[in-house]
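Here's the structure we're looking at; comments come further down.
A short reminder: the numbers here are calculations on the coordinates, not readings from a lab. Since this is a predicted model, take the numbers as computed values, not measurements. Neighbour counts run over all protein chains shown; Cβ positions are idealised from the backbone, glycine included.
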Amino acid sequence: MEWLATAIRTYKGQASVVQVQGFDDLPSERLRQLFVEARSRDYQKLLHEAKKVLALSASRRPGAGLNRIRRRLLELQDIDFFGSPLRAKVENLLAQADKADAHAGVRKARGKSGEYVNRLWMTRPRPGIDRVSSAWLIRRFIDPKARFLFGSEPSTHADAIPFDMFCPQGFGHHGEDCTFETLQKEFSIRDGKVNRIAQIIHDADLGDDKFGRVEGQGLDKVLNGWAKQDLPDDELLQRGMDLIEGLYAALG
């Protein structure tokens with residue numbers, strides 16, 4: 001509020017910040033209790049909704065269901081001033097759901113075909129946000145021992161799997177999907193955090209604001225800054241993969 005008041009005064013407006021020390025008929029402990037009770041009711045409702053969604057099989061579960069619950073959780077955290085004990089229960093439930101989806105996605109992806117394990121993967125030089133995130137997805141969920149090389153002609157490395165290259169082979173943009181989304185769908189990777197990263201990468205790579213996710217703009221600028229430092233392609237790719245791994249961990 002003080003920051004807001006300062007901004008108002010900067011533009012010649014008038015603003016005052018009033019700090020209430022207490023209420024004569026409402027002890028501070030009772031006030032704290034009222035806040036906790038209000039948020040606990042909100043969290044209880046969210047827990048009920050989350051359990052209903054998670055009770056469904058993965059194939060019947062609405063894709064937007066858990067994402068909506070996560071957004072609502074973030075909204076509640078902003079006004080949970082005294083830490084309702086139910087907040088941790090919602091966070092743990094969503095974390096367990098993400099972990100289960102991740103394991104299921106890994107099993108399904110690795111079981112898809114042995115031809116995508118322990119392979120050489122090829123993409124264009126100077127990797128940008130879609131290519132570094134796709135490389136991260138490949139190594140994290142598809143081929144843990146994946147090796148990467150760079151080139152413009154897939155035919156020069158017939159043993160490599162192309163991704164995000166200007167050729168009909170391999171994996172690339174498909175319809176409205178960027179390469180990351182293509183890989184996610186092709187290998188049936190069902191992971192809530194990967195879904196959110198897919199939206200972030202899509203908006204940053206294609207710039208169509210399909211999902212209204214702006215986080216990728218900052219990631220893209222960082223990658224472009226590194227590229228201007230003339231880093232080798234393999235270092236640029238590794239730094240980008242580390243960046244996406246950090247994003248994955250932060251989505252918690």
* Structure fact -> Comparing Leu86, Leu183, Leu94 in a Gaussian network model of the chain (Cα, 10 Å), the one with the largest mean-square fluctuation is Leu86
* Structure fact -> When the chain is treated as a Gaussian network with springs between alpha carbons less than 10 Å apart, the largest mean-square fluctuation among Phe23, Phe211, Phe35 is found at Phe23
* Full-extension gain in nm, Ser155 to Lys89, via 0.36 nm per residue minus C-alpha separation -> 18.5 nm
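Give me the percent relative contact order of the chain, please, defined on Cα pairs under 8 angstrom at least 6 residues apart.
Details: 282 pairs, mean separation 42.5, N = 252.
Once normalised by length, the contact order is 17 percent.
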* Structure fact -> For Rg and Dmax of the Cα atoms in Å, with candidates (1) 23.1, 81; (2) 18.8, 60; (3) 18.1, 52, the value calculated from the shown model is option (1)
* Structure fact -> Within the under-14-Å Cβ sphere about Asp78, not counting Asp78, Lys/Arg +1 and Asp/Glu -1 give a net charge of +2
* Structure fact -> Cβ density ranking, 10 Å radius, fewest first, applied to Tyr43, Tyr116 yields Tyr116, Tyr43
* To do: Springs between alpha-carbon atoms under 10 Å, Gaussian network over the chain: tell me which of Gln217, Gln77, Gln21 tops the mean-square fluctuations.
  => Gln21
* What's the exposure ranking of Ser152, Ser84, Ser134, going from fewest to most Cβ atoms within 10 Å? -> Ser152, Ser84, Ser134
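Over 28 Å between Cα atoms, which of Lys89/Lys145; Lys89/Lys193; Lys52/Lys193; Lys145/Lys210 qualify? Could you put the intermediate results ahead of the total?
Details: Lys89/Lys145 36 Å; Lys89/Lys193 18 Å; Lys52/Lys193 20 Å; Lys145/Lys210 33 Å.
The pairs that break the limit, which is 28 Å between Cα atoms, are Lys89/Lys145; Lys145/Lys210.
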* Report Rg(Cα)/(2.2 N^0.38 Å) for segment 108-252, keeping two decimals. => 0.97
* Scan around Trp121 for amide H atoms under 5 Å from its own, H built in the peptide plane at 1.01 Å from N, and keep only partners 5 or more places away or cross-chain. => Arg147, Phe148, Leu149, Ile161
* Helix-derived mean residue ellipticity, 222 nm - over the chain, DSSP H n ≥ 4, -39500 (n - 2.57), to 500 -> -19000 deg cm²/dmol
* Structure fact -> Computed over all unlike Cα pairs, the Kirkwood hydrodynamic radius of segment 171-238 in Å stands at 13.0
* Asked: Given q = 0.20, 0.23, 0.24, 0.25 Å⁻¹, what are the Debye log10 I(q)/I(0) values for segment 112-191, with equal point scatterers placed on the Cα positions and solvent ignored?
  -> -0.85, -1.15, -1.26, -1.37
* **Alpha-carbon centroids, segment 121-168 and segment 1-46: separation in whole Å** => 51
* List, in the order given, every pair from Lys51/Lys185; Lys51/Lys221; Lys185/Lys221 whose Cα-Cα distance in the structure shown is over 29 Å. => Lys51/Lys221
* Structure fact -> Row for segment 114-156, column shape: gyration tensor on C-alpha, a ≥ b ≥ c, rounded if a/c < 1.5 i.e. under 1.5, prolate if a/b over b/c, else oblate; value oblate
* Structure fact -> Percent antiparallel among DSSP beta bridges confined to the chain, rounded to 5, stands at 20
* Hey, got the Cα dimensions of segment 1-48 along the principal axes, in Å, largest first? -> 47, 32, 10
